[in-house]
1. In region 150-165, is there at least one residue being surrounded by fewer than 24 Cβ atoms within 10 Å (Cβ to Cβ), within 25 Å of residue 325 (Cβ to Cβ) and without any contact (Cβ under 8 Å) to a residue 60 or more places away in the chain?
2. Output the residue which, of all residues in region 241-267 that are in contact with a helix residue (DSSP H, G or I) (Cβ under 6 Å, 6 or more places away or on another chain) and in a loop (DSSP other than H, G, I, E, B), is nearest to residue 319 (Cα to Cα).
3. Do you know which of the residues in region 367-382 that are surrounded by 14 or more Cβ atoms within 10 Å (Cβ to Cβ) and free of Cβ contacts under 8 Å to residues at least 12 places away in the same chain is nearest to residue 137 (Cα to Cα)?
4. Tell me yes or no: at least one residue of region 205-214 is part of a helix (DSSP H, G or I) and either in the same structural domain as residue 311 (by TED's automatic domain parsing) or at pLDDT 95 or above (or both).
5. Consider residue 293 against the criteria (1) surrounded by fewer than 19 Cβ atoms within 10 Å (Cβ to Cβ); (2) touching a strand residue (DSSP E or B) at 6+ places or on another chain (Cβ under 9 Å): it satisfies all of them except one. Which criterion is unmet?
6. Please state which of the following conditions residue 224 fails to meet, knowing it meets all the rest: (1) in a loop (DSSP other than H, G, I, E, B); (2) in contact with a strand residue (DSSP E or B) (Cβ under 8 Å, 6 or more places away or on another chain).
7. With respect to residue 139, is the statement that it is in contact with a helix residue (DSSP H, G or I) (Cβ under 6 Å, 6 or more places away or on another chain) and buried (at least 24 other Cβ atoms within 10 Å of the Cβ) true?
């Protein structure tokens with residue numbers, strides 16, 4: 001197994017001092033007026049000052065969405081500040097030019113009463129930031145931050161919107177946190193989710209007053225970066241590549257993909273499997289590949305600074321997750337013209353894969369169906385070529401400017417109870 005020594009995009013920037021000068025705004029509500037559940041409050045139609053609250057900017061799906069949205073809103077003429085609790089690290093995503101980064105500080109991984117006190121301090125710090133930065137709207141990412149924003153925004157004029165980018169039933173967080181989320185979300189003006197399945201959960205499991213479905217944005221073309229370990233160096237000339245991208249953890253069920261590939265590999269000697277990502281299941285997956293006799297046919301290159309190069313080299317993509325919030329890597333693969341075979345898990349794959357047009361969906365955890373669908377596409381180059389033509393529509397639908405405009409519309413519309 002070869003492991004990539006390169007990292008994700010590094011670099012970070014901060015802006016010190018107070019907020020930039022504000023543009024003329026529509027008349028504001030009085031800051032002394034508490035938020036009324038039945039009272040509609042609209043965001044100003046002129047340029048807004050928007051804050052995005054997220055624990056950090058490490059290389060992850062929610063963090064990437066936050067950066068793409070901040071850039072789209074800045075390009076649309078709004079003032080944007082990215083607010084994190086953790087200080088920048090070498091491999092953090094870099095905020096776009098013109099977007100301020102504000103670091104509130106505070107510990108991240110805590111348990112018990114220390115976690116309670118941490119989040120109480122975050123509520124205090126968020127509330128102070130809403131006031132000090134004079135934000136017209138605040139958007140938070142990830143459950144704990146959503147709850148903190150909901151509590152911090154009570155009685156303030158700032159429009160507060162929480163965002164769920166995962167499918168929460170697949171990531172249980174304990175009875176106390178689930179109860180807190182259920183009731184705290186009633187204090188948010190809106191909860192934005194990435195898929196219809198997550199919207200159904202939000203209506204059922206929380207007291208959110210309004211729920212909107214907005215897919216994740218995707219920058220096109222995908223960024224290309226220098227990388228020491230590229231597909232060109234890993235694959236022999238003339239070989240075909242079956243690709244999967246994601247964190248190496250149990251929910252991704254890469255062991256299913258390894259077993260399916262093992263059933264097909266002996267009759268298809270020109271095919272190799274690469275799983276690009278890093279995580280706690282690496283050792284188990286390496287051992288499984290050896291046990292299946294696939295050590296020379298399976299690549300686990302680790303985190304790649306140039307995932308776009310892997311999509312460009314791929315002939316086929318596969319997703320075998322037990323659940324997804326919104327499968328960003330699947331979106332990127334399809335947008336790159338790579339046909340896909342995916343489990344039809346909750347939630348996301350069925351929003352992206354159109355069977356027969358750009359790939360195939362198979363029942364969740366059905367390894368026999370997965371194997372058969374992979375065999376069909378591995379053996380039919382003409383079918384794969386036809387499926388590549390469906391990529392443009394996805395690129396247009398998920399353009400950051402288009403997704404950013406949907407978010408702005410949500411901010412304009414929120415404020416009334418659901």
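1. Looking through region 150-165, at least one residue is surrounded by fewer than 24 Cβ atoms within 10 Å (Cβ to Cβ), within 25 Å of residue 325 (Cβ to Cβ) and without any contact (Cβ under 8 Å) to a residue 60 or more places away in the chain.
2. 246
3. Selected residue: 369.
4. Yes, there is a match, as at least one residue in region 205-214 is part of a helix (DSSP H, G or I) and either in the same structural domain as residue 311 (by TED's automatic domain parsing) or at pLDDT 95 or above (or both).
5. All conditions pass for residue 293, except number (2).
6. (2)
7. No.
The rows are residues; the columns are (1) buried (at least 23 other Cβ atoms within 10 Å of the Cβ); (2) more than 19 Å from residue 233 (Cβ to Cβ).
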position: 269; (1), (2): no, yes
position: 279; (1), (2): no, yes
position: 282; (1), (2): no, yes
position: 310; (1), (2): yes, no
position: 327; (1), (2): yes, yes
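The values are calculated or read from the model by the stated rules, or taken from the named source; none is laboratory data. Keep in mind the model is a prediction, meaning the values are calculated, not measured. Counting neighbours? That spans all protein chains shown, and the Cβs are built from the backbone with ideal geometry, glycine included.
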